[in-house]
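Chemist: Dropping the structure in here first, questions after.
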Amino acid sequence: MKKPVDPPEEGGVEIVSLKSALEERYLSYALSTIMHRALPDARDGLKPVHRRILHGMNLLRLGPNTSFRKSAKIVGDVMGSFHPHGNQAIYDALVRLAQDFASRYPLVDGQGNFGNIDGDNAAAERYTEARMTDVARRLLDGIDEDAVDFRPNYDGTSEEPVVLPAAFPNLLANGSQGIAVGMATSIPPHNAGELCQAALYLIERPGATSDQLVQFVPGPDFPTGGILIDKAEAIADAYRTGRGSFRVRARWSREDGGRGTWVAVVTEIPYGIPKSRLIEKIAELINEKKLPLLADVRDESAEDVRIVLEPRSRTVDPLVMMESLFRLTELEARIPLNINVLTAGGKVPKVLGLAECLREWLDHRRDVLQRRSRHRLAAIGRRLEILGGLLIVYLDLDRVIRIIREEDEPKAELMRVFALTEIQANAILDTRLRSLRRLEEMELKREQSELREEKGSLEALLESDKKQWQTIARQIREIWKVYGPETTIGRRRTSIEDAPDLGEIDFAEAMVEREPITVIVSQKGWIRAMKGHQPDLSKVEFKGDDSLRTAFFAETTSRILVMATNGKFYTLDASKLPGGRGFGDPIRLMADLDEGADVVAAFAHRPGSKLLLAASDGRGFVAPADDLVATTRKGRSVLGVDAKERAVVASPVSGDHVAVVGENRRLLVFPLGQVPEMGRGKGVRLQRYKDGGLSDAKTFTLAEGLTWKDTSARTWTVAEAELREWLGNRAEAGRLPPKGFPKSNRFE
């Protein structure tokens, strides 16, 4: 850290660049946030505040088998000695460590109100009590045996650990969330038993990759359960790079009621989603009629989650209803993965993959093992030195007693006579008289023998990498026994499944309430939808000199196809059309019509149907309606038209013959089979012209005759026998139409 700048002399002025001053201060702030607040250490998986809380609780001797202590006492000690950032920040961190729905393996055992999955806050710190769990005890195991380094606390009055010994894979087991300056971390919780299996495999095969370890760690294991529906390839890629995300769905089941009724019951919700907020969102969507398949939602939760979803009717498909909920609500959530942690002894932030994370933990465990072994060796050496002195005095107890009784400086005399060290002499002088018996001498020799044996094994351990890894593997197996899949806390809660195959279901239609509507399109391209099927449109008003172009019946779930003069088709959602009380909205606001293009026709899309398309130059073809649906606002090019031509006809195909009339008032009838079916293109010539172009075309059944409507809306029909003179082949010129044909040269 830089020393503070000395102030200028009295009356002096120091010129400081604002840019350099801001850069220096912001860099200091950024580094402080990254290193001391937001990112966890890869070795113990803890941020400084969590590490200080556990260290403070350890100093208060709040082990898993001790009595609880007030949270206010814990928070006060931590704030006063280690973490001067405010009691609320410390208490919030402590609360999260105690919440079993937030931490997969809680580090704090809380007593009192520590919040709930609904999102309610914990009670004040003066009302709650806490102590450490077994997991926290394992993280601290060996901290008094020189297992880790200590550093001065913020005011230099005491010391705090740089990192915890971490005899538990806490980084991945409990995960971590944090936002720093310019970087963030998001690590979901995992199953400790699976992590132990992966770590053992990594010990046996140090070169193992994340792709190999995925067979042991198939995905996160959230404390709130749920179902992970990502594909194995995506999960493996996320663990390989350390970045990605996981799709998690709520767990639900169908409960049958009486007389064919049923409800869907959600028993597990995605991790990190407050239950109350989730239910409020579902209720809002029901009120807004965005979940037409769902009638009601009820929260029947007690200690366990139980959300009851009641369908609109008994005929609703449960899978479709739940899929609509997954798409619109937080019953399906995407949990990010960004394993951005502090490495290189907590000094370098880096994004790690699965294998690198476990390797950091294993290397730390090896370092802890070596330090604890050296610490124990030093303690054994001191004890053996004392035992050597005690055993010497037993050879001549009378002389020892005489020296102690008669000499003014017995310590110096004992050291001179028996060639003892100062430590040995002090131990003899501190020995009680009751210990001077034959049995005690035998006990000392037995203890000396055991310590020498332990010393030899520790020295052999420190000299052998293989023995060190064997010891670490044995420790990991002990963790696996406690937190393995056969235990209550270790059983996997989040299952990994494939998402149901619902590819044939149109969810855009399923998530809209089906209601009848009448779609009205004006001559100037304004569109609106009136509720219900309105056969009488005589009272419908239009803006200015606008008038009715076409009107048709549809439903709110329909897709409206609009054909423009440039040969493009645009698709509109009927549920998003403006209401019928006003004049509607221009279609140009809903689709990106090209400049100069106008609306030719509009109709409801009917899957499986076909349409006759034709341009003003007399060319056309039959197109499947399914090929006309556009997926973007820019539309879909279907009918190719030249620069001077325009699309004029989009008529439903129904029958076996085609009737074509030109602007020259010539009518031609020919078999429908002569018109090819195409997905896009210019088509073939339907009628030949010397002057003008095509005016209208339609398909009909020859046996039923050709019909049209005149200007008075009367229907005219020309029977098959009377159409003989107009029957011909495609691309002929045709003849003048029968008597009564509209002067507009249009069939409708």
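Chemist: Only one residue in 366, 399 is without any contact (Cβ under 8 Å) to a residue 60 or more places away in the chain, of a type in the set (D, E, K, R) and in a helix (DSSP H, G or I). Which one? Reasoning before the result, please.
Modeler: On the way: 366 fails: without any contact (Cβ under 8 Å) to a residue 60 or more places away in the chain.
399 is the lone residue from the list that is without any contact (Cβ under 8 Å) to a residue 60 or more places away in the chain, of a type in the set (D, E, K, R) and in a helix (DSSP H, G or I).
Chemist: Now for a separate question. Taking the criterion of being farther than 23 Å from residue 271 by Cα and of a type outside the set (Ser, Thr, Tyr), would at least one residue in region 334-343 satisfy it? Break it down stepwise before answering.
Modeler: Of the residues in region 334-343, the ones farther than 23 Å from residue 271 by Cα are 342-343.
Adding the requirement that they be of a type outside the set (Ser, Thr, Tyr) leaves 342.
The answer is yes, given that some residue of region 334-343 is farther than 23 Å from residue 271 by Cα and of a type outside the set (Ser, Thr, Tyr).
Chemist: Would you mind telling me which numbered condition in (1) surrounded by 20 or more Cβ atoms within 10 Å (Cβ to Cβ); (2) not in a strand (DSSP E or B) residue 333 fails?
Modeler: (2)
Chemist: Right, something else. What's the number of the condition residue 357 fails, among (1) surrounded by fewer than 21 Cβ atoms within 10 Å (Cβ to Cβ); (2) in contact with a strand residue (DSSP E or B) (Cβ under 8 Å, 6 or more places away or on another chain); (3) not in a strand (DSSP E or B)?
Modeler: Status for residue 357: all satisfied but (1).
Chemist: From the list 420, 414, exactly one residue is surrounded by 13 or more Cβ atoms within 10 Å (Cβ to Cβ) and not in a helix (DSSP H, G or I). Which is it?
Modeler: Details: 414 fails: not in a helix (DSSP H, G or I).
Answer to the check: 420.
Chemist: Right, something else. Among the candidates 240, 251, single out the residue that is buried (at least 18 other Cβ atoms within 10 Å of the Cβ), of a type in the set (Lys, Arg) and more than 30 Å from residue 515 (Cβ to Cβ).
Modeler: Numbers: 240 fails: buried (at least 18 other Cβ atoms within 10 Å of the Cβ).
Of the residues listed, the single one that is buried (at least 18 other Cβ atoms within 10 Å of the Cβ), of a type in the set (Lys, Arg) and more than 30 Å from residue 515 (Cβ to Cβ) is 251.
Chemist: Does region 274-289 include one or more residues that are surrounded by fewer than 21 Cβ atoms within 10 Å (Cβ to Cβ), part of a helix (DSSP H, G or I) and of a type in the set (S, T, N, Q)?
Modeler: yes
Chemist: Looking at region 302-313, which of the residues that are at pLDDT 90 or above and out of contact with any helix residue (DSSP H, G or I) (no Cβ under 6 Å at 6 or more places or on another chain) is nearest to residue 325 (Cα to Cα)? Working first, answer last.
Modeler: First, the residues of region 302-313 that are at pLDDT 90 or above: 304-311.
Still in the running and out of contact with any helix residue (DSSP H, G or I) (no Cβ under 6 Å at 6 or more places or on another chain): 304-310.
Values: 304: 21, 305: 17, 306: 16, 307: 13, 308: 13, 309: 10, 310: 12 Å.
The extreme case among them is 309.
Chemist: Let me ask something additional. Name, by its number, the condition in (1) part of a strand (DSSP E or B); (2) free of Cβ contacts under 8 Å to residues at least 60 places away in the same chain that does not hold for residue 385.
Modeler: Against the list (1) part of a strand (DSSP E or B); (2) free of Cβ contacts under 8 Å to residues at least 60 places away in the same chain, residue 385 comes up short only on (1).
Chemist: Let me ask something additional. Return the total of residues in region 368-386 being modelled with pLDDT of 90 or more and of a type in the set (Val, Ile, Thr).
Modeler: Count: 2.
Chemist: Hey, does region 559-571 have a residue that's hydroxyl-bearing (Ser, Thr, Tyr), in the same structural domain as residue 652 (by TED's automatic domain parsing) and closer than 30 Å to residue 665 by Cα? Spell out the reasoning first.
Modeler: First, pick out the residues of region 559-571 that are hydroxyl-bearing (Ser, Thr, Tyr): 565, 570-571.
Subset that is in the same structural domain as residue 652 (by TED's automatic domain parsing): 565, 570-571.
This time we only want the ones that are closer than 30 Å to residue 665 by Cα, so: 565.
Looking for residues that are hydroxyl-bearing (Ser, Thr, Tyr), in the same structural domain as residue 652 (by TED's automatic domain parsing) and closer than 30 Å to residue 665 by Cα, one finds at least one in region 559-571, hence yes.
Chemist: Between residues in region 441-457 that are in the same structural domain as residue 390 (by TED's automatic domain parsing) and residues that are modelled with pLDDT of 90 or more and surrounded by 14 or more Cβ atoms within 10 Å (Cβ to Cβ), which pairs lie under 7 Å by C-beta distance while being six or more apart or on different chains?
Modeler: Taking only residues 6 or more apart or on different chains, the pairs are 451/380; 454/380; 455/377; 455/380.
Chemist: Touching a residue at least 12 places away in the same chain (Cβ under 8 Å) and surrounded by 24 or more Cβ atoms within 10 Å (Cβ to Cβ): does that describe residue 225? Break it down stepwise before answering.
Modeler: On the way: touching a residue at least 12 places away in the same chain (Cβ under 8 Å): yes; surrounded by 24 or more Cβ atoms within 10 Å (Cβ to Cβ): no.
Taking the combined requirement at face value, the residue does not satisfy it.
Chemist: To continue, here is another question. With region 657-748 as the region, which strands (runs of 3 or more DSSP E) entirely inside it contain at least 1 residues that are among the basic types (Lys, Arg)?
Modeler: Numbers: elements: 657-662, 667-671, 694-700, 706-709, 715-718.
Counting at least 1 such residues, we get 694-700, 706-709.
Chemist: Yes or no: residue 20 of a type in the set (S, T, N, Q) and free of Cβ contacts under 8 Å to residues at least 60 places away in the same chain? Walk me through how you get there before you give the answer.
Modeler: Working: of a type in the set (S, T, N, Q): yes; free of Cβ contacts under 8 Å to residues at least 60 places away in the same chain: yes.
Yes, satisfied.
A quick yes/no check of all residues on (1) under 12 Å from the mean Cα position of the chain (by Cα); (2) in contact (Cβ under 8 Å) with a residue 60 or more places away in the chain:
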| residue | (1), (2) |
| --- | --- |
| 211 | no, no |
| 215 | no, no |
| 220 | yes, yes |
| 248 | yes, yes |
| 254 | no, yes |
| 257 | no, no |
| 266 | no, yes |
| 269 | no, yes |
| 274 | no, yes |
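Chemist: Tally time: how many residues in region 429-473 are part of a loop (DSSP other than H, G, I, E, B) and at pLDDT below 85? Step through it out loud before you land on a result.
Modeler: Going residue by residue through region 429-473, those that are part of a loop (DSSP other than H, G, I, E, B) are 430-432, 436-437, 464.
Adding the requirement that they be at pLDDT below 85 leaves 430-432, 436-437.
Matching residues across region 429-473 total 5.
Chemist: In region 84-112, how many residues are farther than 30 Å from residue 485 by Cα and free of Cβ contacts under 8 Å to residues at least 60 places away in the same chain? Even if it seems obvious, please write down each step before you answer.
Modeler: Keep residues of region 84-112 that are farther than 30 Å from residue 485 by Cα, which gives 84-92.
Among the residues that remain, those that are also free of Cβ contacts under 8 Å to residues at least 60 places away in the same chain are: 85-92.
Total meeting the criteria: 8.
Chemist: Can you tell me which condition residue 200 does not meet? The list is (1) touching a helix residue (DSSP H, G or I) at 6+ places or on another chain (Cβ under 8 Å); (2) among the aliphatic types (A, V, I, L, M); (3) surrounded by 21 or more Cβ atoms within 10 Å (Cβ to Cβ), and all the others hold.
Modeler: (3)
Chemist: While we're on this one: If I ask for residues that are assigned to a loop (DSSP other than H, G, I, E, B) and either among the β-branched types (Val, Ile, Thr) or over 20 Å from residue 270 (Cβ atoms) (or both), which ones from region 228-254 would you list? Spell out how you get there, then give the answer.
Modeler: The initial filter retains those residues of region 228-254 that are assigned to a loop (DSSP other than H, G, I, E, B), namely 229-231, 242, 250.
Hits for region 228-254 are 229, 242.
Chemist: I've got another one for you. Please specify each residue of region 390-429 satisfying the condition of being polar (S, T, N, Q), over 21 Å from residue 443 (Cβ atoms) and in contact with a Leu (Cβ under 9 Å, 6 or more places away or on another chain).
Modeler: Of all residues in region 390-429, those polar (S, T, N, Q) come to 421, 424, 426.
If we keep only those that are over 21 Å from residue 443 (Cβ atoms) as well, we get 421.
Within region 390-429, no residue meets the criteria.
Chemist: Let me ask something else about it. Between 626, 546, which is part of a helix (DSSP H, G or I), surrounded by fewer than 19 Cβ atoms within 10 Å (Cβ to Cβ) and out of contact with any Asp or Glu (no Cβ under 7 Å at 6 or more places or on another chain)? Talk me through it step by step, then tell me what you get.
Modeler: Numbers: 546 fails: part of a helix (DSSP H, G or I).
One residue alone meets the criteria, 626.
Chemist: A further question on this structure: May I ask you to say which residue of 207, 225, 182 is within 26 Å of residue 490 (Cβ to Cβ), part of a loop (DSSP other than H, G, I, E, B) and not aliphatic (A, V, I, L, M)?
Modeler: Values: 207 fails: within 26 Å of residue 490 (Cβ to Cβ); 182 fails: within 26 Å of residue 490 (Cβ to Cβ).
Only one candidate qualifies: 225.
Chemist: For region 552-579, what are the residues that are surrounded by fewer than 19 Cβ atoms within 10 Å (Cβ to Cβ) and part of a loop (DSSP other than H, G, I, E, B)?
Modeler: Here is the first cut: in region 552-579, the residues surrounded by fewer than 19 Cβ atoms within 10 Å (Cβ to Cβ) are 552-553, 555, 573, 576, 578-579.
Listed by number, the list holds a single entry, 578.
Chemist: Can you pull out every residue in region 716-748 that is surrounded by 13 or more Cβ atoms within 10 Å (Cβ to Cβ) and farther than 24 Å from residue 619 by Cα?
Modeler: Of everything in region 716-748, those that are surrounded by 13 or more Cβ atoms within 10 Å (Cβ to Cβ) and farther than 24 Å from residue 619 by Cα turn out to be 716, 718, 720.
Chemist: Right, something else. Have a look at 635, 582 and point out the one that is loosely packed, with under 15 Cβ neighbours inside 10 Å, farther than 30 Å from residue 718 by Cβ and either in the same structural domain as residue 688 (by TED's automatic domain parsing) or of a type in the set (A, V, I, L, M, F, W, C) (or both).
Modeler: Values: 635 fails: loosely packed, with under 15 Cβ neighbours inside 10 Å.
Unique residue meeting the criteria: 582.
Chemist: Among the candidates 286, 339, 335, single out the residue that is in contact (Cβ under 8 Å) with a residue 12 or more places away in the chain, among the aliphatic types (A, V, I, L, M) and out of contact with any Gly (no Cβ under 6 Å at 6 or more places or on another chain). Spell out how you get there, then give the answer.
Modeler: On the way: 286 fails: in contact (Cβ under 8 Å) with a residue 12 or more places away in the chain; 339 fails: out of contact with any Gly (no Cβ under 6 Å at 6 or more places or on another chain).
So the residue among 286, 339, 335 that is in contact (Cβ under 8 Å) with a residue 12 or more places away in the chain, among the aliphatic types (A, V, I, L, M) and out of contact with any Gly (no Cβ under 6 Å at 6 or more places or on another chain) is 335.
Chemist: Just one of (1) surrounded by fewer than 19 Cβ atoms within 10 Å (Cβ to Cβ); (2) over 35 Å from the mean Cα position of the chain (by Cα) trips up residue 589, so point out which.
Modeler: (2)
Chemist: Counting only residues that are of a type outside the set (A, V, I, L, M) and either outside any loop (DSSP other than H, G, I, E, B) or not assigned by TED's automatic domain parsing to the domain that holds residue 550 (or both), which one in region 592-610 is surrounded by the most Cβ atoms within 10 Å (Cβ to Cβ)? Please lay out each step first, then the result.
Modeler: At the first step, the residues of region 592-610 found to be of a type outside the set (A, V, I, L, M) are 592, 594-596, 598, 603, 605-610.
Adding the requirement that they be either outside any loop (DSSP other than H, G, I, E, B) or not assigned by TED's automatic domain parsing to the domain that holds residue 550 (or both) leaves 603, 610.
Values: 603: 21, 610: 19.
For region 592-610, the residue satisfying everything is 603.
The values are calculated or read from the model by the stated rules, or taken from the named source; none is laboratory data. These figures come from a predicted structure and were not determined experimentally. Cβ coordinates were reconstructed from backbone atoms using ideal geometry, including for glycine residues, and neighbour counts include every protein chain displayed.
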